[in-house]
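The structure under discussion appears below in the form of C-alpha cells.
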Amino acid sequence: MKLKRATYRHIEAEIYAYYDTCRAIRELRERIIHSSGREEAYGAAVGDGYASSAVEWRATQLADNIMLREMERITKAIADVYSRASDQTRLVVWLKYGLILEGWRPPAELAEKLQRTNRHNLSARDMAWMLGVDESTFHRHRSGFVYGVAERLGWW
C-alpha cells in the first residue's frame with residue numbers, strides 16, 4: 001500500500017522538525033510544572049471534580065494534555081524507527097533531514113564535505129553521489145524510513 005502524498009510530506013516535516021518538537025515538549029512541560037494561575041486556584045477552591053491541590057492540577061495537566069501526548073508519540077515513533085535503522089539508512093536520514101540520534105555520528109570526511117554546502121540546496125542525485133550510492137538506493141532508504149514512521153504511528 002502506498003502512502004498519500006500529503007501524509008508522506010507530513011511525516012517528512014515531522015522528521016525535519018524533530019529537534020524543534022523535542023524543545024517544544026520540554027518547554028510545554030516546564031510551563032505546566034512551573035505555572036501558577038487561576039486554574040490552580042479554581043481547582044483547589046472547588047474541590048469536586050477538580051484537582052484538590054496545585055500539584056494534582058499540574059499532574060493532571062501533564063497527563064491530559066493532548067498536544068503534548070501527540071508530540072511525544074510522534075518523536076518516539078521517529079526515535080524508535082531510527083534505533084532500528086541500518087547505518088546506511090541513518091546516513092541518508094542525516095543527509096536528507098539533518099537528524100542524528102543515539103550518539104551515532106556520520107563519517108568525519110562526509111560531515112566536513114557537507115559543511116561546505118547547503119543541505120537544503122542538494123538534490124536527491126547530489127545526496128546519493130555524496131554517499132556513493134545509486135539514486136534509487138537513496139530513495140529506497142529514505143522511503144523505508146518514512147514508511148517505518150508511518151507504520152509506527154498507525155498512519156498507514
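The values are calculated or read from the model by the stated rules, or taken from the named source; none is laboratory data. Here the structure is a predicted model, which means the values were calculated and not measured. Positions of Cβ are backbone-derived with ideal geometry, glycine not excepted, and every protein chain shown enters the neighbour counts. Note: areas computed on protein heavy atoms with side chains; ligands, DNA, RNA excluded. Shrake-Rupley method; radii C 1.70, N 1.55, O 1.52, S 1.80 Å.
Among 76-87, 22-33, 101-112, the peptide with the highest mean count of other Cβ atoms within 10 Å heads the list, and the full ranking is 76-87, 22-33, 101-112.
Local charge sum around S83 (other residues, Cβ-Cβ under 13 Å, Lys/Arg +1, Asp/Glu -1)?
+1
Write down the accessible area per residue of the chain in Å², having rolled a 1.4 Å probe over the full set of protein chains.
Values: 9690 Å² over 156 residues.
Each residue of the chain exposes 62 Å² on average to a 1.4 Å probe.
Between E27 and K2, full extension at 0.36 nm per residue minus the direct alpha carbon distance yields a gain of 5.4 nm. For region 85-143, the relative contact order works out to 41 percent when only alpha carbon pairs closer than 8 Å and six or more residues apart are counted. A straight Cα-to-Cα reach below 16 Å connects K2 with the aspartates and glutamates E12, E151, residues fewer than 8 places away in its own chain not being considered. Magnitude of the charge dipole for the chain, about its Cα centre and with charges confined to Cβ atoms of Lys, Arg (+1) and Asp, Glu (-1), is about 580 debye.
Can you tell me which of T60, T21, T89 moves the most in a GNM of the chain? Springs connect C-alpha atoms under 10 Å apart. The residue that fluctuates most here is T60. Counting Lys and Arg as +1 and Asp and Glu as -1 over every other residue whose Cβ lies under 10 Å from the Cβ of E135, the net charge comes to 0. Considering the chain, its Cα convex hull presents a mean projected area of 11.9 nm². What lysines sit close enough to K76 to cross-link, taking a C-alpha to C-alpha distance under 21 Å and skipping anything fewer than 8 places away on the same chain? In chain and number order, the partners are K96.
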